[in-house]
Structures are given as structure tokens and as C-alpha cells.
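So the structure is just underneath, and the comments pick up after that.
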Amino acid sequence: MRNSTKVIALTVLAATGLGTAAVLAQNAPPPVPHPMGFFVTSTTPTGSGNLGGLAGADKICQDLAASAGAGAGSRAWHAYLSTQPTQASAGEDARGRIGRGPWYNAKNVLIAASVEDLHGDSARDRNNIQKSAVLTEKGDLIKGAGDTPNEHDILTGSDSTGRAFPAGLDSTCNNWTSDGDDHRSMLGHADRTGGGNVSWNSVHMSTGCSKPKLVATGGAGHLYCFATN
């Protein structure tokens, strides 16, 4: 009899606890809305490595953000791209072009709280770049490994810390002005799958900078875009 009483009491407590949790969930405040600060381009004009340089790439991001209602006023968008040093310029690091963060996707999901978290400076995997969170400006998923067609290759020209490679071997499609197959680009994987590592920004080189060459390795000329402010 005593054991039966204990069972009944525990059942009542469990039910009460579940009821309390449900009430708390119903009364919880809704998530704080944040403006979109990150997306993968749903399209690029050429699908190749010729983006019109950094200025042209930034305009692609700005125009797509504007089309999604996220480019109004003083909101500035930059492409996550590095350029390599030349005789005429010092080059730029992608990580230094995108502001300080935090950045949220089109569905109000946090991508990274800071540049340091984005690149794992202090601890790896502090960002939320994964297939389910890497969305276009329209809020759509990018096709990844196992999808048809696979489009997870993202142009970056960067190493895993978000910095440009030294001058020499081209890793930026001639600083984003070439669609020729005598040039190459470093690519990341938006779904962090395949290529021997799980880097979102530095997995393998392209076999060329033309649209067919980028498609052949699993890409479509997509870019990462970040709001700088």
C-alpha cells in the first residue's frame, strides 16, 4: 500500500512538473528579432570567378540584400572574399571586410557573434555555419552534398582564418576578375561536408574559374555575404 502511494505521488508530481513546463513555454517571450546580417547568394551574374573585382562582388551582395529588403539606408554589405597582393595593391583579408558581428540569417538564427567566433580564433566551431543555417537572402537552403545538383562550393580565396594567401599561386581568380581556366580559387563548403575537412571557408581549390569548372567540382559561383554594420 505504501509503495502504491509513492507511485501515485510521483505520478502527480511528474504531471504537475510537465504542466508547469508547458505553462512556462507558453508564457516565454518570443525570440528577439534581428535584422539579417548574413546570407549566401542565391545567384551570381556570371556563375564564374569574374565578379568585377571586390567592388563588383560587394555590389552583388548589396543588390541581393536590397531585393530582400535588407539593404536600405546605410546598411552596407560586403562579399566574404580575400584578394592577393600585387604590384599595385597590398591585397585584403576577407575577415577584415565584414564588420564585427553579430550576424543572423534570414530566419533570425545566429551565425556568429563576432569575427573571432566566426573563425574559431579562440575555440573551433564557435560559429553556426552548417547546411540548415546557411540560407540565401530569400531564406532558402543551398544544395549540398547528396543533393542534385551539389552547389556547396563557395568562392572565398581565403585560408581557414579568413586571410589571403601569399602572392604566387593564384587562389582568387586573379582577384575576382577572371573566368579563365588558367586561374584558380580557394573554395569553402557551405554544408561543411566533403573535401577532406569540414571548413566552411577553405577546403580545396577550384580546377578553373569558368562557370563549367566551378560547376564540375560542386559549385555555382556562390558567395558569402555579410552586413558590415
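The values are calculated or read from the model by the stated rules, or taken from the named source; none is laboratory data. Remember, it's a predicted structure, so these values are computed and weren't measured experimentally. Quick reminder, even Gly has a Cβ in these numbers, built from the backbone with ideal geometry, and neighbours come from all protein chains shown. For accessibility, only protein heavy atoms count, side chains too; no ligands or nucleic acids. Shrake-Rupley method; radii C 1.70, N 1.55, O 1.52, S 1.80 Å.
Find out how many positive minus negative residues lie around residue 184, taking Lys and Arg as positive, Asp and Glu as negative, among other residues whose Cβ is under 13 Å from that of residue 184.
-4
Mind pulling the angle between the C-alpha long axis of helix 53-67 and the longest principal axis of the chain? Nearest 10 degrees, somewhere in 0 to 90.
On a 0 to 90 degree scale, this one is about 40.
Out of residues 5 or more away from residue 204 or on other chains, whose amide H comes under 5 Å of its own, with H placed 1.01 Å from N in the peptide plane?
Under 5 Å from the amide H of residue 204: 187.
Which residues does the label zone of residue 32 cover in region 101-120, counting backbone N under 16 Å from a point 7 Å along Cα→Cβ?
Zone members listed by number: 101-105, 108-114.
Would you please give the residues with an amide H less than 5 Å from that of residue 222, counting only those at least 5 places away or on a separate chain, with H modeled from the backbone geometry?
Under 5 Å from the amide H of residue 222 lie the amide H atoms of 155, each far enough along the sequence or on another chain.
Which order do the peptides 212-222, 83-93, 124-134, 145-155 take when ranked by the mean count of other beta-carbon atoms within 10 Å per residue, highest first?
Details: 212-222: 20.7, 83-93: 13.9, 124-134: 17.4, 145-155: 19.2.
Per-residue Cβ counts within 10 Å, averaged per peptide and sorted highest first, yield 212-222, 145-155, 124-134, 83-93.
Two decimals is fine: what's Rg over Rh for region 55-140, C-alpha atoms, Kirkwood radius as Rh? Display every interim value, and only then the final one.
Working: Rg = 14.2 Å, Rh = 14.2 Å.
Ratio of gyration radius to Kirkwood radius: 1.00.
Using just the helices of the chain, give the 222 nm mean residue ellipticity in deg cm²/dmol: DSSP H runs with n ≥ 4 each add -39,500 (n - 2.57), and the total is spread over all residues, rounded to 500.
It comes out at -7500 deg cm²/dmol, rounded to the nearest 500.
On a 0 to 90 degree scale, rounded to 10, what angle separates helix 2-27 from the longest Cα axis of the chain?
Its long axis makes an angle of about 40 degrees.
For a label point 7 Å from the Cα of residue 121 along Cα→C-beta, name the residues of region 158-175 whose backbone N is under 14 Å from it.
161-163
On a straight-distance basis, which aspartates and glutamates could pair with residue 131 in a cross-link, Cα separation under 20 angstrom, same-chain partners fewer than 8 positions away excluded?
Counting by Cα, and skipping residues close in sequence, residue 131 has these aspartates and glutamates nearby: 117, 140, 147, 151, 153, 191.
What distance in nm lies between label points placed 7 Å from Cα along the C-beta direction at residue 108 and residue 63?
Between residue 108 and residue 63, the simple spin-label model gives 3.1 nm.
Kindly give Rg over Rh for the chain, based on alpha-carbon atoms, with the Kirkwood expression for the hydrodynamic radius.
Expressed as Rg/Rh, it is 1.17.
If you average the alpha carbon positions of region 57-115 and of region 166-229, how far apart do those two centres end up, in angstrom?
16 Å
Please compute P(r) over all alpha-carbon pairs of region 138-229, binned at 10 Å starting from zero, and give each bin as a whole-number percent.
Computed distribution, short to long bins: 18, 51, 28, 3.
Assuming R0 = 25 Å, what is the FRET efficiency of residue 74 and residue 140, from their Cβ-Cβ distance, to the nearest 0.05?
Here the calculated transfer efficiency is 0.40.
Per residue, what accessible area does the chain have, given a 1.4 Å probe and all protein chains present, in Å²?
Ligands and nucleic acids excluded, the figure is 49 Å² per residue.
Please go through the residue pairs 59/138; 107/211; 138/213 and name each one whose alpha carbons sit more than 22 Å apart in this structure.
Beyond 22 Å between Cα atoms: 107/211; 138/213.
Would you kindly give the portion of the calculated P(r) for region 72-195 that falls above 22 Å, as a percent of all Cα pairs?
Result for the distance tail: 41 percent.
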